[in-house]
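The values are calculated or read from the model by the stated rules, or taken from the named source; none is laboratory data. This is a predicted model, so every value here is computed, not measured. Every residue, glycine as well, gets a Cβ built from its backbone with ideal geometry; the counts of neighbours run over all protein chains shown.
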Amino acid sequence: MAPSMELLKLVRRRTFLSEVIYNVLNVGLALTLVLVMYFTGSAWLGVLIVLLGKWRILAVRPRYWYANFLSNLVDIIVSISLVFILLAISDAGLSAAREVAVFGIVAALYIGWLVWVKPRSKRTFMAAQSSTAIFLGTWALFATGFNWPVSLVVLGMWLIGYSAARHMLSSYDNETHSLLLGLVWGLVFAQIGWVSYHWAIAYDLPLASGVLVPQVAIIVSLISFLAYKVYDSFYHHQKVRTNDIILPLLLTLSVVAVLIIVFNRVGTAL
């Protein structure tokens, strides 16, 4: 057999082995995080596990640390948000069987995030990654920060909006205004966060009564999806085509209207 073929097989074998090790480590990280939160209920310990799992950010020359941190910021937001959501589940007073079931569902979803969603770089997956960070980040922020100073909540919302927008825009070639657009979207999130802090509504999570999902998490997710479709239409056609945004626009307006007009009456103040 030719040496080149032997080398190709060796490279493929090592690539497959590294993928297996990568997936095993991610599954182990997800299970460790969920089990630690289930048995200890310590948010600080959970955050420490998340940060230790990001050791590869520092496994390069220091001049690359900041760039690595920015590229991993969406995953960090998702993972730390899960810590505080799991803490909220622990404090919700669920029955033992239901709590185990909910923790198991969260573990399965987190494994799916780490193994399948997070590593992908196609635009569809980048959009899914940003949307997940927006929804979970806002959920965790308002679930734990309802008695924080409003400035911290506004800052947290700005960070979520900026990092999600920057992450999404990085999937577009030749986008030279990603920093500016990210800062603007962070400002939009900060303003929504300030209003929502003073008008906080939440809903019971189905199958887990007592676990509250903030209304603002749903609203900012829908608005961000609409903004993504507007930008995508403009990027491809140099104008915003009605056909590209009409369905997302109707979906966003109708859901937000229903939440504000109808479900505010049955919501629970945070």
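Data overview
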quantity	calculated
Residues being surrounded by 12 or more Cβ atoms within 10 Å (Cβ to Cβ) and either touching an Asp or Glu at 6+ places or on another chain (Cβ under 8 Å) or over 14 Å from Ala227 (Cβ atoms) (or both) - total across the range 237-258	3
Condition check for Leu250: assigned to a helix (DSSP H, G or I) and either within 19 Å of Ser130 (Cβ to Cβ) or not aromatic (Phe, Trp, Tyr) (or both)	yes
Residues of the range 155-178 satisfying the condition of being under 14 Å from Trp194 (Cα atoms), of a type in the set (A, V, I, L, M) and surrounded by fewer than 23 Cβ atoms within 10 Å (Cβ to Cβ)	Leu155, Leu159
Hits in the range 105-126 (condition: touching a residue at least 24 places away in the same chain (Cβ under 8 Å), assigned to a helix (DSSP H, G or I) and more than 13 Å from Tyr22 (Cα to Cα))	Val106, Ala107, Tyr110, Trp113, Arg123, Met126
Positions within the range 196-208 being in contact (Cβ under 8 Å) with a residue 60 or more places away in the chain and either surrounded by fewer than 18 Cβ atoms within 10 Å (Cβ to Cβ) or in contact with a strand residue (DSSP E or B) (Cβ under 8 Å, 6 or more places away or on another chain) (or both), in sequence order	Ala200, Ile201, Ala202, Tyr203, Asp204, Leu207
The one condition in (1) modelled with pLDDT of 95 or more; (2) under 23 Å from Ile219 (Cβ atoms); (3) small (Gly, Ala, Ser) that Gly112 fails to fulfil	(2)
Number of positions in the range 32-50 that are more than 16 Å from Lys118 (Cβ to Cβ) and either among the hydrophobic types (A, V, I, L, M, F, W, C) or crowded, with 17+ Cβ neighbours inside 10 Å (or both)	13
Filtered residues of the range 38-54 (kept if touching a residue at least 12 places away in the same chain (Cβ under 8 Å), more than 19 Å from the chain's Cα centre (by Cα) and in a helix (DSSP H, G or I))	Tyr38
Residues located in the range 209-226, provided they are in a helix (DSSP H, G or I) and touching a residue at least 60 places away in the same chain (Cβ under 8 Å)	Val216, Ala217, Ile218, Val220, Ser221, Ser224, Phe225
Residues of the range 56-91 satisfying the condition of being within 14 Å of the chain's Cα centre (by Cα) and either of a type in the set (Gly, Ala, Ser) or not in a helix (DSSP H, G or I) (or both)	Ser71, Asn72, Ser79, Ser81
Leading residue by the ranking (farthest from Gly137 (Cα to Cα)) among those in the range 155-192 that are of a type in the set (Phe, Trp, Tyr) and within 16 Å of the chain's Cα centre (by Cα)	Trp185
Residue in the range 8-35 that is modelled with the lowest pLDDT, counting only those that are closer than 25 Å to Ile85 by Cα and not hydrophobic (A, V, I, L, M, F, W, C)	Asn23
Among residues of the range 106-154, those that are of a type in the set (Val, Ile, Thr), closer than 20 Å to Tyr172 by Cβ and surrounded by fewer than 19 Cβ atoms within 10 Å (Cβ to Cβ), counted	2
Residue within the range 217-233 that is in contact with a Leu (Cβ under 8 Å, 6 or more places away or on another chain), within 30 Å of Ala97 (Cβ to Cβ) and of a type in the set (Val, Ile, Thr) present	yes
Filtered residues of the range 169-187 (kept if of a type in the set (Gly, Ala, Ser) and part of a helix (DSSP H, G or I))	Ser178, Gly182, Gly186
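For (1) outside any helix (DSSP H, G or I); (2) in contact with a strand residue (DSSP E or B) (Cβ under 7 Å, 6 or more places away or on another chain); (3) in contact (Cβ under 8 Å) with a residue 12 or more places away in the chain, each residue gets a yes or a no:
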position	(1), (2), (3)
Gln129	no, no, yes
Ala143	no, yes, yes
Asn147	yes, no, no
His167	no, no, yes
Val230	no, no, yes
